[in-house]
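**Student:** First the structure, then my questions, so here it is.
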Amino acid sequence: AQSVTQPDIHITVSEGASLELRCNYSYGATPYLFWYVQSPGQGLQLLLKYFSGDTLVQGIKGFEAEFKRSQSSFNLRKPSVHWSDAAEYFCAVALYSSASKIIFGSGTRLSIRP
Amino acid sequence: DTGVSQDPRHKITKRGQNVTFRCDPISEHNRLYWYRQTLGQGPEFLTYFQNEAQLEKSRLLSDRFSAERPKGSFSTLEIQRTEQGDSAMYLCASSRIENDEQFFGPGTRLTVL
């Protein structure tokens, strides 16, 4: 069965430090990959997506992610975090069969240390 | 583009009562999705519509749950005889057929006492 694994439940980084959130997926073919962010009281916001092509994807708010087929990974990175980046981050896989439903990981909560 | 809206934002109900949630997608979006998110978990797919047709239902969607999108615009999700296990955030998303990026609403938080 298709699945998405985010091994880190909670990460704390200092403001201005670099960030990497890990994501691994299990899927028979090359999936469509996403990172979403969810702040308290806010809806899920798409940070970036990978459908095909360049495996390094740029997103909003200074985030980027790299698709590595050999490792079945799609890790999210940011060179310098801001206090406003504190939120829950979800990696997700889309199954583009008839449903186009998205399968989400369980999320990584990011806290920022002043 | 006013985004996906959901109503109500919060609902508290007693076990055994029926509840109904509404989702208004982005205009001209043909696809509409419902997800459920419990505490500490990512959203889980429940069902989706293409225009007014409900094309897939998750096994998570028991027979107490029903969703409609009668005119291919807004959608409703009804839960009958609510149980405490139904307490969750119910998220709605919409997308255009030719571009499957899904835009999410703020969700309806349901608490069943």
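**Student:** Per 0.36 nm of contour for each residue apart, how much would the distance between A:Arg113 and A:Ile11 grow if the chain were fully extended, relative to their Cα-Cα spacing?
**Tutor:** Once the chain is fully extended between A:Arg113 and A:Ile11, it gains 35.7 nm.
**Student:** Let me ask you something else. What aspartates and glutamates does B:Lys71 reach when the alpha-carbon gap must be under 15 Å and sequence neighbours fewer than 8 apart in one chain are set aside?
**Tutor:** B:Asp24, B:Glu28, B:Glu52
**Student:** Straight-line reach from A:Lys78: which aspartates and glutamates have Cα under 17 Å away, leaving out those fewer than 8 places along the same chain?
**Tutor:** Those aspartates and glutamates meeting the cut-off are A:Asp8, A:Glu15, A:Glu20, A:Glu64, A:Glu66, A:Glu88.
**Student:** Moving on to the next point. Using r as the Cβ-Cβ distance of A:Gln58 and B:Thr111, and R0 as 41 Å, what FRET efficiency do you calculate, to the nearest 0.05? Could you put the intermediate results ahead of the total?
**Tutor:** On the way: r = 39 Å, r/R0 = 0.96.
With a Förster radius of 41 Å, E is 0.55.
**Student:** Stick to the Cα atoms of chain A, pair each with every other, and give me the Kirkwood hydrodynamic radius in Å at one decimal.
**Tutor:** Values: mean 1/r = 0.0704 Å⁻¹.
It works out to 14.2 Å.
**Student:** So for chain A, averaging the separation of alpha carbon pairs under 8 Å that are six or more residues apart and normalising by length, what relative contact order in percent results?
**Tutor:** Working: 280 pairs, mean separation 41.9, N = 114.
Result for chain A is 37 percent.
**Student:** A follow-up question, please. How are the alpha carbon pair distances in region B:17-98 distributed across 5 Å bins from zero to the largest one, expressed in percent?
**Tutor:** In whole percents, the pair-distance histogram is 3, 15, 28, 26, 16, 8, 3, 0.
**Student:** Taking one equal scatterer on every alpha-carbon of the protein assembly as shown, how large is log10 of I(q)/I(0) by Debye at q = 0.09 1/Å?
**Tutor:** Reported log10 I(q)/I(0), two decimals: -0.37.
The numbers here are math on the coordinates, done by the rules we state, and not lab data. Being a predicted model, the structure only gives us computed values, none of them experimental. A quick note on method: Cβ atoms are made from the backbone with ideal geometry, for glycine too, and the neighbour counts reach across all protein chains shown.
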